[in-house]
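Below is one structure, written out as C-alpha cells; comments come after it.
The values are calculated or read from the model by the stated rules, or taken from the named source; none is laboratory data. Treat the numbers as computed from the prediction; the structure is a model and nothing was measured. Because the Cβ atoms are built from the backbone with ideal geometry, glycine has one as well, and the counts that use them run over all protein chains shown. Each accessible area value is taken on the protein alone, full model and side chains, heavy atoms only, with ligands, DNA and RNA left out. Shrake-Rupley method; radii C 1.70, N 1.55, O 1.52, S 1.80 Å.
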Amino acid sequence: MDSIQLVELFVGRGLIDRSLAQEILNESTNSGKDVAEVMADFQVVHHREDVWPVVASELGAPMVDLSGWTPPPELLALIPPGTARLHGALPVNLTSEGLHVVLVDPMSPQTLEDLRFALGRELVLAIAPDYVVEDKINECYGGDGNAIESLLDQLEFGGPDGQLNPAELESEANSAPIIRYVDLVLYQAIKEKASDIHFEPFEKEFKIRYRVDGALYEMAPPPVHLALPIISRVKVMANMNIAERRIPQDGRIVKQFGDRQVDMRVSSLPTQHGESVVLRVLDRSSVNLSLENLGLPPHIYEYITETIEKPNGIFIVTGPTGAGKTTTLYAALRRINTIDHKLLTAEDPVEYDIDGIVQIPVHEGIGLTFPRVLRAFLRQDPDRIMVGEMRDIETAQIAIQASLTGHLVLSTLHTNDAPGAVTRLIDMGCEPFLVAASLEGVLAQRLVRTICSACKSPYEPNEAILTQLGVSPHELGDKDFFTGRGCDVCGQSGYKGRAGLYELLDINDPVRELITDRAPTVVIKQKAMEHGMTTLREDGLRNIYLGKTTIEEVLKYT
C-alpha cells in the first residue's frame with residue numbers, strides 16, 4: 001500500500017503529528033521496512049496489523065480475516081488470474097450487493113474503478129492486511145507464467161485479414177479480453193523491471209519485446225491479426241488518435257500496478273506493416289537516487305559536489321540514449337535543491353516532477369524551443385539552470401552567455417567520450433575561447449550490466465578476449481575474473497542490475513589552452529590523461545577487477 005497515503009491518514013485523524021510522520025517515512029525508506037512495521041517500532045500502534053482497522057474505518061469498509069480460509073473455485077473464477085495479479089485483488093464473497101473483494105492497495109480509488117470496468121460488475125470493498133492479500137493471491141492463483149498464454153486463447157476475433165473500420169476498431173480495442181491482455185503484458189514487463197516495451201508489427205508476425213538492464217527479451221507473440229486492436233488499445237490508454245495511422249504521435253500513460261504508480265511515455269511510428277509503438281517506463285525510484293547512491297568513484301563524486309556548488313560555469317554529462325545522463329543530472333539537482341537556490345529546468349519532455357524545481361516542457365510545435373525558454377529563464381533570476389540537451393548552436397550560445405553572466409548551467413550532449421564534447425561544441429559553431437572560459441567539466445558515462453550475485457562464479461578468460469581488452473596475461477598477475485552462470489534469480493542471463501562507468505574531463509588551464517587553440521579531440525584526451533583522467537575503458541577494467549561486471553560488457557560499451 002502507498003506509504004505516504006497511510007501516514008497522511010494517521011496525520012489526518014490526529015493520531016500522529018507532521019514531524020513524526022516525516023520521521024516514520026524516512027525510517028521506512030532507509031530501513032526498507034514497510035510503514036506499518038515502522039509505526040509499530042515507533043509505538044504508534046502495538047502491532048503492524050493494528051493499522052488496518054484504522055484504514056477500514058476511514059474507508060467505511062469491513063475487516064475480513066483470511067487466515068486459514070481458501071476461496072472456493074467458483075468464487076475464484078469470477079476474477080481471472082491475470083486481472084487478480086494486475087490489480088492485486090482477491091474475491092471473498094458474492095452477495096446481492098455485488099462481488100466483495102480485498103485489495104493489496106485498498107486506498108487507491110483508481111484500482112477499484114479499473115477492476116470494476118475490467119470485470120463489468122458491481123464491487124464491494126473489504127479490508128485485510130496487504131501482505132496477507134498478496135500471499136493469498138499467490139496461493140490461490142499460482143505463478144503467472146501461463147497467464148498471458150491462457151489469455152491469448154480467448155483472443156480470437158477480427159478475422160485474419162484484420163480489416164476494420166474506425167468504429168469497430170475502437171470497440172475491439174475496448175473489449176475486455178484485449179484490455180486484460182494489454183494490461184497483463186504491461187504488468188509482466190514492469191514486474192521484470194523493464195525500461196521500455198516494444199510492440200512491433202511485421203508482415204507475418206507481431207512481436208512484443210521488452211528491455212531489462214539494456215538487453216531485449218521477447219514475450220509470447222500474439223497472432224498477427226491482433227496487432228491492430230492491441231496497438232489501438234495502447235493508443236487509447238495514451239490518449240492518442242487511433243484513427244490517425246500515417247504520422248508519428250506521442251502520448252503518456254499513468255497506470256496503477258498493485259501499490260505502484262507507473263508513468264510511461266508512448267511513441268508511435270508508422271511502418272510498412274502497421275504502427276510500431278514503444279512505451280518508455282519512467283521509473284521514479286531511479287530519479288529519486290541521490291549522488292551518494294549512484295556508485296560514482298570517490299574522486300568523481302567529490303568533483304561533482306564541488307562543481308554544482310560553483311556560482312557559474314557549464315557542467316555537461318555525455319553518453320548515448322539510456323546511459324543514465326538524466327538520472328545523474330537529477331541527482332545533482334536534488335543535492336542543490338535547497339531553499340536558498342532557485343532552480344529552473346527546460347526539458348523535452350519533463351519526465352519526472354521534482355518538488356522545489358521549476359520545470360518547463362519544451363514544445364517545438366508552438367515555438368517554445370530550448371533557446372526561447374533559456375532566454376526567458378535569464379529574466380527569472382535563477383541560480384542554477386538545467387537544459388535537457390544542447391542540440392544546436394543557439395542553445396549552446398545562450399548557455400555560454402548564461403554561464404558568463406553568473407549562472408551555473410547543467411546539460412547533456414550525445415558524444416562518445418568526454419573530450420569529444422569540447423570539439424562537438426566548437427563544431428556546432430561556438431567560439432573556442434568562450435567554450436574554454438565557460439566550461440567547468442564534462443562527465444561521460446555508460447551503463448553496464450552487473451553480474452548476478454546469486455550465480456557469480458570465477459572463470460579463466462581466453463587470451464583472445466584479453467587482447468581485445470588491451471591487457472596482456474602477464475600484466476594481470478593473479479587477478480580473478482567472474483561471470484554469471486545463469487539462474488532463476490537473473491532469468492538465466494547471468495546479469496542482474498546495472499552500474500555506471502565514468503570518464504571525467506576536468507577543464508583545467510592546460511586543457512583550456514588547447515581548447516582555445518582548437519586542438520583536436522585526441523590531443524585534448526592525451527593532455528587530460530596526463531593530468532589523471534581515467535577513461536571509460538580504464539573504469540571498465542576497474543569494475544572487472546572488482547568482480548562487478550564481465551569483460552564482454554565492458555567491450556560492448558567502451
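When Rg and the Kirkwood Rh are both derived from Cα coordinates, the Rg/Rh ratio for the stretch 378-528 amounts to 1.13.
Put a dot 7 Å past the Cα of Asp392, heading toward its Cβ, do the same for Thr29, and the two dots end up 3.9 nm apart.
In a simple Cβ point-charge model (Lys, Arg +1; Asp, Glu -1; nothing else charged), the chain has a dipole of about 1000 debye relative to its Cα centre. By DSSP, what percent of the beta bridges with both residues in the chain are antiparallel, rounded to the nearest 5? Among the beta bridges of the chain, antiparallel pairing accounts for roughly 65 percent.
Note on the chain: dipole from Cβ charges, positive end direction compared against Ala227, Ala402, Leu536; the farthest Cα belongs to Ala402.
A cut-off under 14 angstrom between Cβ atoms defines the neighbours of Tyr495, and their net charge, with Lys, Arg +1 and Asp, Glu -1, is +4. Each principal axis of the Cα cloud of the chain was taken in turn, and the coordinate range along them, longest first, works out to 83, 62, 60 Å. Subtracting the Cα-Cα distance of Lys310 and Val124 from their residue separation scaled by 0.36 nm leaves 61.2 nm. Think of the chain as a dipole: +1 on every Lys or Arg Cβ, -1 on every Asp or Glu Cβ, centred on the Cα centre; then among Ile178, Ile426, Pro91, Ile426 lies furthest on the positive end. The spacing between the stretch 268-331 and the stretch 482-558, judged by their C-alpha centroids, is 16 Å.
When the trypsin sites (Lys or Arg not before Pro) in the stretch 494-525 are filtered for DSSP coil states and for at most 15 other beta-carbon atoms within 10 Å of their beta-carbon, the remaining sites are Arg518. Centre-to-centre, using Cα atoms only, the stretch 44-79 and the stretch 381-453 are separated by 54 Å. Charges were assigned to the Cβ only: +1 to each Lys and Arg, -1 to each Asp and Glu. The resulting dipole of the stretch 190-333 about its Cα centre is roughly 520 debye.
Summing +1 for each Lys or Arg and -1 for each Asp or Glu among the other residues whose beta-carbon sits under 11 angstrom from that of Leu408 gives -1. From most to least packed by mean Cβ count within 10 Å, the peptides 545-558, 449-462, 312-325, 11-24 give 312-325, 545-558, 449-462, 11-24. For the chain, the list of Cys residues with no other Cys C-beta under 4.7 Å reads Cys140, Cys430. When all protein chains stay in place and ligands, DNA and RNA are ignored, the 1.4 Å accessible-area order of Arg284, Arg246, Arg384, largest first, is Arg246, Arg284, Arg384. Per-residue ellipticity at 222 nm computed for the chain from its helices equals -11500 deg cm²/dmol, with DSSP H segments shorter than 4 residues left out and the rest contributing -39,500 (n - 2.57).
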